[in-house]
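The values are calculated or read from the model by the stated rules, or taken from the named source; none is laboratory data. These figures come from a predicted structure and were not determined experimentally. Counting neighbours? That spans all protein chains shown, and the Cβs are built from the backbone with ideal geometry, glycine included. Accessible surface areas use protein heavy atoms only, side chains included; no ligands, DNA or RNA. Shrake-Rupley method; radii C 1.70, N 1.55, O 1.52, S 1.80 Å.
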Amino acid sequence: MKYSTRIHTTALTIALATSGCGSGERSPSTEDETGVLTAALSRVPDGVHCLRVVSIGARTVEKLISVSPGDQPVKLDVRLPIGPQTIAGEALEETCPASPDQVQGEPTWKSDPVFVRILAGVVKTIHLTMHKKGDTHVEVDFDTEGRGAAVSSGTDFTCALADDGAAYCWGANGVGQTGTGSPQNVQLLVPTPVSGLPAPARALAAGGGHACTVLDDGTAYCWGFGEWGQIGAPVADWTEVPLLVEGLPPARDVALGGDHSCAITAVDDVYCWGLNSSGQIGDGTMDNRGSAVPVPELADIRALALGGAHSCAVLDDRSVKCWGSNSAGQLGHGGADSATPCSVPGPSGIVALAAGRAHTCAVDGDGVVSCWGANGHGQLGDGSSTDRGTPAEVSALPAPAVSVRAHGDTTCAVLSDDSAWCWGENAGGQVGDGSTTDRWAPTAVTGLGASQDVSPGRNHTCALGATGVVSCWGQNSMGQLGDGTTTAHLAPAPATF
């Protein structure tokens, strides 16, 4: 299948060939299953010495390519996650530094970000057309139609995107949080299609008692508990079917907290809505918001993470800002609650971010994980139970991390070798080490193959495997593991799609 949007102007063009990390049943560690970006410049303008390519999805992949006129195509061994990706390119006049976070100058050429889905074993060719900074033209040519998948665990329920962009949820449904139109309090034991979405979804998130998705057309829909405005549309208490979020410009991603929601727009601004009792909306007030409102002083945002009553964002310069409750130090600045974004001192070059009930974690460009905030269950992963008001490095990870996720008092990370590690609260067995003992330091998830993403919920965890299979473990009293039963199990098992 072929899609094309072309604007014929003189420009700098990058051809990107992309494929997912895994295919078939073979191990994703084999060389022929390493996702690659192959970049070739149509021409190199005078003064351009460095090309930067960024792919943002379940993992953020950023690479620099040294270029000069007459270069042959440059092949990069870059592992890409299966699922939705946003890819963009920039050209700089400076010589490429040792790492992307050391880039000093502004790009002279820049493309619009392009959204794609990547499926295991499917090769996709994309042409990004970069223009002088300030121009917004882009050329996109999809040679094949890739698909993706994602998983997000909430409080006793789970949602996932299938490889065709269809949204599914399962588990607890007391306030309509599965979005399936099923009667209240009817537990769904297997993945069930979300009802009434008018287009395929590109992003999905599950929160405390609600869920939201961003569709291919940039609109966002939410469902479930909405008493505090977290649905973004008028509801009395809750809705069992998706409703369009009001006041939100076209979006590319969404993140959820306990009772609030935020989205990154297509132009990388942030809008939030829902409960604002601690300033977690970030608009300088503590007024609940029933529709999306912009967060002032935030622009060029790369990633969002929402906790129980706080919010954090990764900026374009790879620094982190947080706002909302700082009851346990989760804002990372050592001060009080804040209704506006505050800089987090210490971590830099951040590529991934996560927030739990009252803690926050970040991954830098070297794969080092730092966490701060509440630590009563060991969720900071530093071997102690001491709360931290400023970032502290997670101990004992055997390889660099590429992503981090958190919910409640549990944290999980995927490492560069595709293994999954979790730590923190483990009452339901959600850490995945075969026990129900809290873990103060990272512990390998046993019985799980190569993973793209791992998403903990309140007492359960689900993972997206290298071949797109969703596996879950932990508490299952509400059917949140999606295996057709309400029987808990401590080892990963596939959800029944």
Which of the residues spanning region 259-292 are among the aliphatic types (A, V, I, L, M) and surrounded by 19 or more Cβ atoms within 10 Å (Cβ to Cβ)?
Ala263, Ile264, Val270, Leu275, Ile281, Ala292
Taking the condition in contact with a strand residue (DSSP E or B) (Cβ under 9 Å, 6 or more places away or on another chain) and in a strand (DSSP E or B), does Gln452 pass?
yes
Being free of Cβ contacts under 8 Å to residues at least 24 places away in the same chain and surrounded by fewer than 19 Cβ atoms within 10 Å (Cβ to Cβ) is the filter here, so list the residues in region 311-341 that pass it.
Leu315, Asp317, Gly335, Ala336
What number goes with the only condition from (1) modelled with pLDDT of 95 or more; (2) in contact with a strand residue (DSSP E or B) (Cβ under 6 Å, 6 or more places away or on another chain) that Asp253 does not pass?
(1)
Considering every residue within region 457-467, establish whether at least one is more than 14 Å from Thr158 (Cα to Cα), in a loop (DSSP other than H, G, I, E, B), of a type outside the set (A, V, I, L, M, F, W, C) and open to solvent by less than 10 Å² (accessible area, probe 1.4 Å).
no
Scan region 438-456 and tell me whether some residue there is within 20 Å of His359 (Cβ to Cβ), out of contact with any Phe, Trp or Tyr (no Cβ under 9 Å at 6 or more places or on another chain) and surrounded by fewer than 24 Cβ atoms within 10 Å (Cβ to Cβ).
no
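Being in contact with a Pro (Cβ under 8 Å, 6 or more places away or on another chain), assigned to a loop (DSSP other than H, G, I, E, B), at pLDDT 95 or above and not hydrophobic (A, V, I, L, M, F, W, C): is that true of Asp283 here?
It is true that Asp283 is in contact with a Pro (Cβ under 8 Å, 6 or more places away or on another chain), assigned to a loop (DSSP other than H, G, I, E, B), at pLDDT 95 or above and not hydrophobic (A, V, I, L, M, F, W, C).
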Yes or no: region 238-252 includes at least one residue that is open to solvent by 10 Å² or more (accessible area, probe 1.4 Å), under 30 Å from Asp366 (Cα atoms) and touching a residue at least 12 places away in the same chain (Cβ under 8 Å).
yes
Considering only residues that are surrounded by 24 or more Cβ atoms within 10 Å (Cβ to Cβ) and not in a loop (DSSP other than H, G, I, E, B), which ones fall in region 192-220?
Ala201, Arg202, Ala203, Leu204, Ala205, Ala206, His210, Ala211, Cys212, Thr213, Val214, Ala220
Going through region 391-410 in order, the residues found to be in a loop (DSSP other than H, G, I, E, B) and open to solvent by less than 50 Å² (accessible area, probe 1.4 Å) are Val394, Ser395, Leu397, Ala399, Gly408, Asp409
Restricting attention to region 349-363, does a residue exist that is of a type in the set (Lys, Arg), open to solvent by less than 20 Å² (accessible area, probe 1.4 Å) and outside any strand (DSSP E or B)?
no
Any chance Gln230 is in contact with a strand residue (DSSP E or B) (Cβ under 8 Å, 6 or more places away or on another chain), open to solvent by 50 Å² or more (accessible area, probe 1.4 Å), closer than 28 Å to Ala463 by Cα and assigned to a loop (DSSP other than H, G, I, E, B):
no
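To keep it simple, each residue is scored yes or no on (1) surrounded by 24 or more Cβ atoms within 10 Å (Cβ to Cβ); (2) free of Cβ contacts under 8 Å to residues at least 12 places away in the same chain; (3) under 28 Å from Asn476 (Cβ atoms); (4) touching a strand residue (DSSP E or B) at 6+ places or on another chain (Cβ under 8 Å).
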position: Gly367; (1), (2), (3), (4): no, no, no, yes
position: Gly389; (1), (2), (3), (4): no, no, no, yes
position: Trp423; (1), (2), (3), (4): yes, no, yes, yes
position: Gly429; (1), (2), (3), (4): no, no, yes, yes
Can you report the number of residues in region 468-486 which are open to solvent by 40 Å² or more (accessible area, probe 1.4 Å) and closer than 25 Å to His377 by Cα?
3
Output the residues belonging to region 152-167 that are farther than 20 Å from Gln230 by Cα and outside any loop (DSSP other than H, G, I, E, B).
Leu161
Considering only residues that are modelled with pLDDT of 95 or more and in a loop (DSSP other than H, G, I, E, B), which ones fall in region 320-335?
Ser325, Asn326, Ser327, Ala328, Gly329, Gln330, Leu331, Gly332
Condition broken by Gly308, with the remaining ones in (1) assigned to a loop (DSSP other than H, G, I, E, B); (2) over 16 Å from the mean Cα position of the chain (by Cα); (3) over 29 Å from Pro183 (Cβ atoms) satisfied:
(3)
Among what's in region 411-421 and is open to solvent by 40 Å² or more (accessible area, probe 1.4 Å) and in a loop (DSSP other than H, G, I, E, B), pick the residue that is nearest to Glu393 (Cα to Cα).
Ser416
Given the conditions (1) open to solvent by 10 Å² or more (accessible area, probe 1.4 Å); (2) farther than 27 Å from Ile56 by Cβ; (3) in contact with a Phe, Trp or Tyr (Cβ under 9 Å, 6 or more places away or on another chain), every one holds for Gly378 apart from (1)
Hey, any hits in region 211-222 for a residue that's at positive phi, of a type in the set (Gly, Ala, Ser) and under 19 Å from the mean Cα position of the chain (by Cα)?
yes
